[in-house]
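The values are calculated or read from the model by the stated rules, or taken from the named source; none is laboratory data. The structure presented is a predicted model; accordingly, all values stated were derived computationally and were not measured. Positions of Cβ are generated from backbone atoms using ideal geometry, with glycine treated the same way; all protein chains shown enter the neighbour counts. SASA here: full protein model, heavy atoms, side chains in, ligands and nucleic acids out. Shrake-Rupley method; radii C 1.70, N 1.55, O 1.52, S 1.80 Å.
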Amino acid sequence: MQPGGEIAELQGLRTGLVRLVAFPSASATLVPSLLARMKQQHAQISITYLEAEPPEAVAAVRENRADLAITFSYPGDRVDPHRQSAQGLRVATLRRDEMMLVLPAGHPLAGAAAPIDLGDLADENWVAGCPRCRGHLLDLCDRRGFAPRISYETDNAAAVFGLVEAGIGVALLPALAIESVGRRAGASIRATSGQDHRTLHAVTAAGAERVPALAAALRALVAISSVV
C-alpha cells in the first residue's frame with residue numbers, strides 16, 4: 001500500500017474481512033470482548049487476529065497486512081510509532097490506561113491510602129516490562145531524580161506478578177496488563193502520585209471507516225473500550 005494508506009487499496013474489507021492486530025495485554029482483555037461483540041452483532045464479518053507491539057502493528061497497517069491495529073503510546077514517548085510512521089494513517093484515541101504500581105503484599109507501602117510517589121521506591125529493585133515500557137519507567141524515574149535499579153525484565157505480566165509476589169522487586173504496569181492477569185493476593189496495586197498513564201489508540205488506513213465491515217469493528221471497539 002502507498003504511504004497515504006488510500007482506502008481503494010485495502011484488500012478483503014469489502015467482502016467482510018477485518019484483519020486485527022493488537023499488543024499482548026489487549027489479547028486477554030480488549031480483543032476477546034471485541035470478537036464476542038462482533039460475533040453477536042455482525043456474525044457475517046470475519047476477523048483474523050495477530051499479536052504485535054505498537055511499532056510492528058502500525059507497520060502492518062501501513063503495509064496492508066492488517067486493517068485495524070490497537071496500539072498504545074506514552075506521554076513524551078521518545079520513539080512513538082504514532083508520529084512519523086503513522087503519517088497518512090488514521091489514529092483515533094480510544095481511552096486512557098492508568099499506570100499502577102505493583103508491590104509485594106508485605107511491602108511497607110502496600111497499605112498506603114494515598115497515591116505513591118515513585119521517588120519513595122528509589123531504593124527498590126524493579127521488574128521492567130517491554131522495551132517501550134522500560135523506557136517509560138526510566139523516563140518517569142529520571143523526572144523524580146533517580147535511576148531505577150532494574151534487575152529483571154520480562155514482557156509477561158504474569159511473570160511480573162510472580163516476581164513481585166516473591167518479594168524480588170516492585171513494578172509499574174498498565175491497568176490493562178493487570179486486568180489481563182487478575183489481581184493476586186500476594187501483590188498490592190497502588191496508584192502513582194503523578195497520575196502516570198498511557199493512551200490506547202485505534203489505527204487504520206485513511207478513510208477506512210467508510211468500509212462497512214471496518215466501520216462496524218471500530219464502533220464495537222469504541223464501545224468495549226469504555227467498559228473493559
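Of the set (1) open to solvent by 30 Å² or more (accessible area, probe 1.4 Å); (2) under 20 Å from the mean Cα position of the chain (by Cα), all apply to ALA113 but (2).
Apart from one condition, LEU13 fits all of (1) at pLDDT below 95; (2) open to solvent by 30 Å² or more (accessible area, probe 1.4 Å); the exception is (2).
Results for (1) open to solvent by 70 Å² or more (accessible area, probe 1.4 Å); (2) among the β-branched types (Val, Ile, Thr); (3) within 20 Å of the chain's Cα centre (by Cα), shown as yes or no for each residue.
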| site | (1), (2), (3) |
| --- | --- |
| GLY106 | yes, no, no |
| ALA128 | no, no, yes |
| PRO131 | yes, no, yes |
| PRO148 | no, no, no |
| SER151 | no, no, no |
| ASP155 | yes, no, yes |
| PHE161 | no, no, yes |
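Note on region 45-76: residues that are farther than 9 Å from VAL21 by Cα, in contact with a Leu (Cβ under 8 Å, 6 or more places away or on another chain) and either hydroxyl-bearing (Ser, Thr, Tyr) or free of Cβ contacts under 8 Å to residues at least 24 places away in the same chain (or both) amount to 1.
GLY169 falls short on exactly one of the conditions (1) open to solvent by less than 30 Å² (accessible area, probe 1.4 Å); (2) within 22 Å of the chain's Cα centre (by Cα); (3) farther than 23 Å from PRO54 by Cβ, and that condition is (2).
Tell me, which strands (runs of 3 or more DSSP E) lie completely within region 109-228 with 1 or more residues that are of a type outside the set (Ser, Thr, Tyr) and under 30 Å from MET38 (Cβ atoms)? Explain how you work it out, then say what you get.
Details: elements: 125-128, 149-153, 170-174, 187-191, 197-205.
Where strands (runs of 3 or more DSSP E) fall fully within region 109-228 and carry at least 1 residues being of a type outside the set (Ser, Thr, Tyr) and under 30 Å from MET38 (Cβ atoms), they are 170-174, 197-205.
Looking only at region 74-91, decide whether some residue is at pLDDT 95 or above and not hydroxyl-bearing (Ser, Thr, Tyr).
Step one: list which residues in region 74-91 are at pLDDT 95 or above, which gives none.
No.
Inspection of region 26-42 identifies no residue that is modelled with pLDDT under 95, touching a strand residue (DSSP E or B) at 6+ places or on another chain (Cβ under 9 Å), within 13 Å of LEU214 (Cα to Cα) and surrounded by fewer than 22 Cβ atoms within 10 Å (Cβ to Cβ).
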